1. Across the stretch A:216-224, in residue order, what do the Karplus-derived ³J(HN,Hα) couplings come to in whole Hz, using 6.51 cos²θ - 1.76 cosθ + 1.60 with θ = phi - 60° and x for Gly and Pro?
2. List the residues whose amide H sits under 5 Å from the amide H of B:Ser81, counting only those 5 or more places along or on another chain, with H placed 1.01 Å from N in the peptide plane.
3. Using modelled backbone amide H atoms (1.01 Å from N, in-plane), which distant-in-sequence or interchain residues come within less than 5 Å of A:Leu36's amide H?
4. Find out how many positive minus negative residues lie around A:Glu373, taking Lys and Arg as positive, Asp and Glu as negative, among other residues whose Cβ is under 12 Å from that of A:Glu373.
5. Put a dot 7 Å past each Cα toward the Cβ at B:Thr95 and B:Asn50; how far apart are the dots in nm?
6. Taking each residue in B:61-71, count the Cβ atoms of any other chain within 10 Å of its Cβ, then average. What number comes out?
7. Over the protein assembly as shown, consider all pairs of different Cα atoms and compute the Kirkwood hydrodynamic radius from their mean reciprocal separation; express it in Å, one decimal.
8. Using the Cα centre of chain A as the reference point, and only Cβ charges (+1 on K/R, -1 on D/E), how large is the resulting charge dipole? Debye, rounded to the nearest 20.
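The values are calculated or read from the model by the stated rules, or taken from the named source; none is laboratory data. Given the structure is predicted, the values throughout are model-derived calculations rather than measurements. Glycine gets a Cβ as well: all are built from the backbone with ideal geometry, and neighbour counts include every protein chain shown. Accessible surface areas use protein heavy atoms only, side chains included; no ligands, DNA or RNA. Shrake-Rupley method; radii C 1.70, N 1.55, O 1.52, S 1.80 Å.
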Amino acid sequence: MAAVLTARAVSKRFGATRALSEVDLRLAAGERLAVLGENGAGKSTLMKILAGVYPPDSGAMTLDGRPYRPGSPADALAAGVSIVYQEPSFFARLTVLENLFVGREPRAVGGGVHWRRMRSAAHDLFTTLEMPVDLLGLLMGELSLAEQQLVLIARAVDQDSKVLILDEPTSILTARETDRLFGLIDQLARRGVAILYITHRFDELKRVADRFVVLKDGQLAGELPAENADHDRIIELMTGRALERAEPTGRGGVSAPVLELDTLTAPGRYSDVSLTVGGGEIVGLYGLVGAGRTELALTVFGVLKPSRGRMRLGGRPYAPRSARHAMAQGVAYLPEDRKTQGIFPSLSVGSNLTAATLPRLTRRLGVLNTLKEDGLVGTWIRRLNIKVASATDDILSLSGGHQQKVLLARCLATDPKVLVLDEPTRGIDVGTKAELHRMIIDLARGGLAVLVISSELPELLALAERVYVLREGAVAAEFTQGAITEQAVLRATLGAS
Amino acid sequence: MINAVESVEKSTTGRLVGRSGVLRHGLLPLLLAAEIVFFSLASSTFLTTNNLSNVVINSSDLAVIAAGLTLVVLLGGIDVSTGSMLGVIAWVVATLSQHGTAPVLVIGAAVLAGAVLGSLNGGLIAFGRVSPIIATLGTSAIFSTLLFLLWNSTDVFAAPVSPLLGTGRVGGWPLVGVVVLAMFALLSYLSRQRAYGWHVYAIGNDREAARLLGVKTTRVVFVTYLVLGGCVGLAAVIYAGRVGVVQASSGSELTLSAVAAVVVGGTSILGGEGSVLKTLGGLLFVAVLQNGVVLIGVPPLWNGVLVGVAVALAVWLDIATRRGKGRRR
């Protein structure tokens with residue numbers, strides 16, 4: 001097949017960092033190519049160069065056999081290369097219809113916006129993609145994350161793209177929506193659109209890609225057809241080493257329940273949830289997006305109030321009034337969205353790390369004891385092996401995985417009895433992921449009660465001794481280690497008998 | 001897509017019967033009606049043609065500023081230099097008129113001067129990336145000083161340059177109302193029917209997302225402040241004719257009222273949501289309030305308090321009833 005898009009010896013530097021060096025890429029019409037790599041391997045940089053966000057420092061690209069040098073994202077779009085970013089970027093207070101057409105408004109005679117043509121085009125588009133047409137009139141911000149993602153993909157699809165770049169599109173989709181997305185990708189590939197697909201999920205590879213390439217440290221580390229998608233081989237290519245698997249068995253005994261939830265109910269969010277987490281135990285919470293997992297975690301952390309039911313902490317009644325109150329009683333929460341709920345992007349690594357511990361680091365009148373703070377920061381940087389030159393470095397200079405370690409350290413520095421982790425390794429490369437898993441297991445060995453929310457079943461299988469499955473806000477099943485199988489959990493999750 | 005269908009139902013009901021929806025869209029008409037009923041009961045002169053046309057004339061310069069300011073607020077920006085900018089241009093208008101300059105030239109010079117001063121704000125904000133509040137606070141101080149220097153202890157008297165931009169009436173109704181409505185129609189058309197206006201809304205929602213879609217964000221921001229400057233120029237012509245004299249601090253009282261008209265009208269101070277026509281409602285509320293309290297004998301000194309309270313309440317309501325951020329899943 002003829003190549004639609006090629007890149008030859010593309011390189012890019014940011015200051016002293018070599019983000020990409022001499023990368024070659026060839027994409028045929030109708031081909032589905034997955035791009036893998038650890039965070040910081042250069043995937044995003046490559047995508048952004050293809051999409052016209054940055055120019056390459058050197059190297060050449062062609063599109064349909066002609067030189068391709070987009071000067072801006074708009075150039076790239078006009079040439080037929082569209083992209084859906086991992087962080088969905090859209091206009092929350094405009095309607096879905098308006099979101100579909102911003103930047104490419106159809107013009108009427110006289111230069112005005114052609115509303116009627118726009119409406120009918122959007123109607124046709126949604127009908128073709130089997131998306132509910134009623135969505136068009138709603139504000140984008142009123143949709144769920146998954147719906148927003150599908151709208152953005154619909155927008156990209158509608159631009160007669162020759163190449164569609166998708167940056168980890170399934171990380172926020174439910175299983176059913178993921179299926180719809182894959183169906184859409186197949187449909188597009190059949191129409192001759194070349195798909196470039198970034199993912200961290202190995203289980204998707206065979207389903208979604210014909211071929212995949214692995215990037216490592218800005219260079220092409222390997223290229224394989226999807227049939228040969230052997231997990232261990234890919235991980236070796238990505239990390240340059242064989243993966244050590246976290247070993248879930250053979251841990252110490254579980255002590256009495258530390259956190260107990262008894263028929264906890266918050267209307268519209270979850271109902272009659274009862275569960276326990278023992279000291280030294282890791283308990284998993286699985287379910288589809290929207291099943292009420294995060295809402296439950298926020299309740300334990302005092303942010304949401306249950307309307308019925310009771311909680312107990314260390315055997316005593318526990319009714320947190322606020323996050324601050326919850327922390328004071330020994331509950332720590334690692335939120336699921338690192339960027340918007342976790343880090344303070346303009347602060348240093350050290351300030352981010354101590355943000356939850358400041359009251360303990362002050363002298364009289366609230367003056368910060370900086371010596372004590374530095375000591376604490378140093379300790380945690382060593383203990384969690386955070387890769388940073390100095391604690392005063394910007395948090396944003398760290399890779400996603402190491403930012404997550406800083407946030408974990410922030411939780412641990414509060415000296416909690418119960419640790420609630422919400423998607424602790426989402427969007428984190430496999431190497432750091434395994435490291436985080438080992439840390440979580442070590443923490444449990446040390447007696448901490450850990451509740452892990454994850455959308456990745458393998459993660460829970462590797463970590464948890466027990467897994468609760470939430471479906472539509474209610475506990476659908478509880479599995480203890482030994483009885484946890486992927487099939488059984490999925491069956492409970494989807495409500496299939 | 002069961003998920004999607006469910007949330008369509010949820011969000012549709014949320015929009016139609018939700019408490020916040022009613023507050024956001026239904027409150028202003030109610031308040032406006034209550035206000036008009038109250039003042040017509042409290043003052044026998046309120047509901048006369050003469051008084052109502054006074055309301056229109058007295059708020060016409062404010063109206064033209066507020067129309068332009070709406071675009072800036074939709075963009076996610078703000079301009080607190082409009083009043084002092086108007087003062088400077090009004091001085092120019094009055095001075096030119098005194099020298100017998102042709103009305104067309106006076107109007108042209110005023111709009112041009114406004115565009116120049118507006119592009120000073122626009123340049124600082126669009127190209128210099130200075131935050132709008134700081135940039136316009138700074139230029140506001142500069143404009144005030146400039147007016148003080150120009151004024152040089154001499155008040156400049158002026159008559160309306162044209163009946164259309166002054167106190168001219170047909171059958172008791174003020175002609176300047178036509179100019180105000182034409183400006184609102186024009187800016188409303190620009191904001192809803194032209195790609196430029198779409199880009200204003202898009203930038204107010206998410207500037208970076210707009211840039212990535214090929215919207216020329218810097219240019220749109222610059223042009224919007226320039227357009228507001230042009231509006232202020234036109235408003236200055238009306239102001240000079242209406243007030244009849246330009247003094248050391250002329251115009252400064254309009255800055256807050258213009259912001260009030262925009263936010264009371266329902267355009268979000270955070271940008272991206274609202275409309276030019278909504279500002280017409282907010283303007284009516286502010287103008288009637290300012291007129292009515294004088295009629296019932298409240299000292300004009302209290303105007304500032306009333307407008308200040310209106311702004312604070314409107315912004316509070318906007319934040320408290322904000323849609324489209326909460327339901328993330």
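1. For the stretch A:216-224, the Karplus-derived couplings read 9, 6, x, 10, 6, 9, x, 8, 9 Hz, x marking Gly and Pro.
2. Long-range HN contacts for B:Ser81: none found.
3. Under 5 Å from the amide H of A:Leu36: A:Val213, A:Val214, A:Leu215.
4. +2
5. Between B:Asn50 and B:Thr95, the label points sit 3.8 nm apart.
6. That average works out to 0.
7. Details: mean 1/r = 0.0332 Å⁻¹.
About 30.1 Å, per the Kirkwood formula over Cα pairs.
8. That gives chain A a dipole magnitude of about 1200 debye.
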